[in-house]
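Q: Take this structure, written in structure tokens, and hold onto it; I'll ask about it next.
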Protein chains: 2
Amino acid sequence: MVEPVATSPQNVRLLGYAAAALTTSSFFPQAIKTLRSGDTSAISLRMYLLFTLGIATWAVYGLVTADGPVLVANLVTLVPAGVVLTRKLQSLLRR
Amino acid sequence: MVEPVATSPQNVRLLGYAAAALTTSSFFPQAIKTLRSGDTSAISLRMYLLFTLGIATWAVYGLVTADGPVLVANLVTLVPAGVVLTRKLQSLLRR
């Protein structure tokens with residue numbers, strides 16, 4: 001039996017890594033913009049608190065389900081998300 | 001044979017939905033803040049372009065892998081992410 005091309009294990013893995021590459025890479029331009037400008041006024045503290053805790057939980061989920069894209073994407077995303085969260089907290093403490 | 005409690009299918013599903021609840025809910029405070037203030041100056045356009053495309057891709061990945069938490073979380077996140085992206089684009093066009 002020939003498996004449909006669209007849902008072959010390789011294609012599914014590629015799709016997962018494409019999704020991971022997009023969402024993970026998306027946080028780097030924000031982290032760079034935040035570091036350069038130092039401006040976090042329009043950034044939501046609640047978002048970055050919930051989001052950072054959330055991606056840490058997703059990483060654990062990826063680990064226990066042995067889902068490579070979910071694990072790797074969320075571990076890498078912790079870096080820029082942590083940068084934005086740290087800058088936001090610093091700007092609030094400085095006021 | 002008794003499966004370890006920590007990785008029982010129910011617990012894994014709960015972990016996934018907890019992660020989904022955190023990352024998905026995180027974008028709502030940002031969307032509300034952006035709608036209320038109208039301020040998108042510190043928001044990265046590149047982030048929201050890549051991110052919105054990325055979560056749409058994650059939703060397709062969740063569909064083909066029959067992964068409920070991944071599918072639902074990403075479909076819901078499209079709403080607040082789309083709000084922030086739309087406001088950012090509007091503010092750039094208005095300049």
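The values are calculated or read from the model by the stated rules, or taken from the named source; none is laboratory data. Worth saying up front: this structure is predicted, and the values here are computed from it rather than measured. We place every Cβ from the backbone using ideal geometry, glycine too, and count neighbours over all the protein chains shown. Keep in mind that these areas ignore ligands, DNA and RNA; they rest on the heavy atoms of the full protein, side chains included. Shrake-Rupley method; radii C 1.70, N 1.55, O 1.52, S 1.80 Å.
Q: Restrict the check to the range B:25-35 and report whether at least one residue is more than 21 Å from A:SER25 (Cβ to Cβ) and of a type in the set (S, T, N, Q).
A: yes
Q: If the requirement is being farther than 22 Å from A:ILE55 by Cβ and of a type outside the set (Asp, Glu), which of these qualifies: B:THR24, B:THR86, B:THR34?
A: The conditions single out B:THR86.
Q: Within the range A:3-31, how many residues turn out to be within 7 Å of chain B (Cβ to nearest Cβ) and either in a loop (DSSP other than H, G, I, E, B) or among the hydrophobic types (A, V, I, L, M, F, W, C) (or both)?
A: Residues in the range A:3-31 being within 7 Å of chain B (Cβ to nearest Cβ) and either in a loop (DSSP other than H, G, I, E, B) or among the hydrophobic types (A, V, I, L, M, F, W, C) (or both): 6 in total.
Q: Another one. Restricting to the range A:57-68, name every residue that is aliphatic (A, V, I, L, M) and open to solvent by less than 40 Å² (accessible area, probe 1.4 Å).
A: Within the range A:57-68, A:ALA59 is the sole residue that qualifies.
Q: What's the number of the only condition in (1) crowded, with 18+ Cβ neighbours inside 10 Å; (2) at pLDDT 95 or above; (3) out of contact with any Lys or Arg (no Cβ under 8 Å at 6 or more places or on another chain) that B:PRO29 fails to meet?
A: (3)
Q: Quick check, is B:GLN90 open to solvent by less than 40 Å² (accessible area, probe 1.4 Å) and of a type in the set (S, T, N, Q)?
A: no
Q: Among the residues of the range B:32-68, which ones are more than 7 Å from every other protein chain (Cβ to nearest Cβ) and either within 15 Å of the chain's Cα centre (by Cα) or in a loop (DSSP other than H, G, I, E, B) (or both)?
A: Once the filter is applied, which keeps residues that are more than 7 Å from every other protein chain (Cβ to nearest Cβ) and either within 15 Å of the chain's Cα centre (by Cα) or in a loop (DSSP other than H, G, I, E, B) (or both), the range B:32-68 yields B:ILE32, B:GLY38, B:TYR48, B:LEU49, B:THR52, B:ALA56, B:ALA59, B:GLY62, B:ALA66, B:ASP67, B:GLY68.
Q: Kindly indicate whether A:LEU71 is open to solvent by less than 70 Å² (accessible area, probe 1.4 Å), modelled with pLDDT of 90 or more, on the phi < 0 side of the Ramachandran plot and assigned to a helix (DSSP H, G or I).
A: yes
Q: Can you name the number of the only condition in (1) within 10 Å of another protein chain (Cβ to nearest Cβ); (2) modelled with pLDDT under 90 that A:ARG94 fails?
A: That leaves (1) as the condition not met.
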